[in-house]
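A quick write-up on the structure given underneath.
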Protein chains: 2
Amino acid sequence: MYTISEVSKLLDITTYTLRYYEKEGIVKPVRNANGERVYEDTHLAWLRFVLRLKQTQMPISQIREYAQLYLEGEHTSQARLNLLEDHRSSIQDQIRHLTETEKMLNDKIANYKVFISKGNTLDLSMND
Amino acid sequence: MYTISEVSKLLDITTYTLRYYEKEGIVKPVRNANGERVYEDTHLAWLRFVLRLKQTQMPISQIREYAQLYLEGEHTSQARLNLLEDHRSSIQDQIRHLTETEKMLNDKIANYKVFISKGNTLDLSMND
DNA sequence: ATTTGCCTTACAGTAAACTCTAACCTATAT
DNA sequence: ATATAGGTTAGAGTTTACTGTAAGGCAAAT
């Protein structure tokens, strides 16, 4: 059982964001007698999962879609599986792009280092 | 020598975006007698590089910073090198996050597949 | 009793990165 | 000569994902 500010600290996101996620249908904490949000461990686990999806560029709208399917119950498992598989392939694309760009940067960085160590006397030509 | 719409097609970005990038100081095409933008191969190469940086989550503001340093000449090479090294380490972080999340998804996907193949009779428990 | 601290809501504001509109210009095709 | 297919600018509008404000409720501490 956590208050909104406890969750905020635990997950390192603001309370604003947590309320925003609720408004967007991404998380549904229970309420106490006082009308205050109460998050349980399941919510924490779900939010940690959500943050990973976010970190890997899944838009809020798609995360909401997945959350909705989850709430609709077990008959949506095929739809959820499809969504996860799509996201996995998006992740694989991202890794490919990143790896290519990393290689390119390695080259550029090496060129810059040679250039600088030679006292900036060389020709940098294609060194954008 | 390319017109704005040719570049747009070659790079698969809109002409709006190209004008926006110019306003943001990211690319400076020359102008013909008619005041129209003329992009050369160097601009194309630079824009392809920019798109890679974008694809790997470098914000426009930082790309502009790099472009500015480039225009300021060779004495900025150390600053450019620093910027590229920072971005490379950001890329490495991203790859780490993506790889972890991919592993997590692999597990989840495998669970869903078992669940579905058993006719949805199993317990999904932690299967968010 | 009232201050303090944390909570609530509705709604307005912000930043980034485009995206579009309106009004206008200019070269070529019919 | 005029329609068409491009180009130009300034500036307004959009989307996403927050971020902040205002007005107020409630409970424990002073």
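The values are calculated or read from the model by the stated rules, or taken from the named source; none is laboratory data. Values in this document were obtained by computation on a predicted structure and should not be read as measured data. Here the Cβ positions follow ideal geometry from the backbone for every residue, glycine too, while neighbour counts run over all protein chains shown. To get the accessible areas, we keep the full protein, side chains included, count just its heavy atoms, and leave off ligands, DNA and RNA. Shrake-Rupley method; radii C 1.70, N 1.55, O 1.52, S 1.80 Å.
Normalising the Debye intensity of the protein assembly as shown to I(0), with uniform scatterers on Cα atoms only, and taking log10 at q = 0.10, 0.11, 0.15, 0.17 Å⁻¹ returns -0.70, -0.80, -1.09, -1.23. Between copies, the label points at A:ALA110 (set 7 angstrom from Cα along Cα-to-Cβ) are spaced 3.7 nm, reported in nanometres from shortest to longest. The three principal axes of the C-alpha atoms in segment B:4-117 carry coordinate ranges of 68, 35, 20 Å, sorted with the longest axis first. Summarising the rotation from chain A to chain B, the nearest chain A beta-carbon to the axis and its distance in Å are given as A:ILE95, 3.
On C-alpha positions alone, give me the angle between the axis of helix B:41-55 and the longest principal axis of chain B, in degrees, nearest 10. Computed tilt is about 30 degrees. Here the 3J(HN,Hα) profile of segment A:114-119, calculated from phi with Karplus coefficients 6.51, -1.76 and 1.60 at θ = phi - 60°, is 4, 4, 5, 5, 8, x Hz, Gly and Pro shown as x. Note on segment B:4-117: with charges restricted to the Cβ of Lys and Arg (+1) and Asp and Glu (-1), its dipole about the Cα centre is near 320 debye. Each copy carries a label point for B:ASP86 at 7 Å from Cα toward Cβ; from one copy, the others' points are 3.6 nm away, ordered from shortest.
Total buried accessible area between A and B, probe 1.4 Å, nearest 100: 4200 Å².
Hey, got a sec? Which GluC sites (Glu not before Pro) in segment A:40-128 land in a DSSP loop and have at most 13 other Cβ atoms within 10 Å? Walk me through the numbers on the way to the answer.
Numbers: sites: A:GLU40, A:GLU65, A:GLU72, A:GLU74, A:GLU85, A:GLU100, A:GLU102; in loops: A:GLU40.
Answer in residue order: A:GLU40.
Distant-in-sequence amide contacts of B:VAL38, defined by a placed amide H-H separation under 5 Å and a gap of 5 or more residues or a different chain, comprise B:VAL30, B:ARG31, B:ASN32.
What number, rounded to the nearest 500 deg cm²/dmol, is the helix-based mean residue ellipticity at 222 nm of the protein assembly as shown, given -39500 (n - 2.57) per DSSP H run of at least four residues and division by all its residues?
Details: 10 runs with 172 residues, N = 256.
About -22500 deg cm²/dmol.
Cross-link reach is defined here as a Cα-Cα straight distance under 19 Å, omitting same-chain residues fewer than 8 places apart; for A:LYS118 the lysines meeting it are A:LYS108. Ranked from shortest, the separations from the 7 Å Cα-to-Cβ label point of A:GLN57 to its equivalents in the other copies are 1.0 nm.
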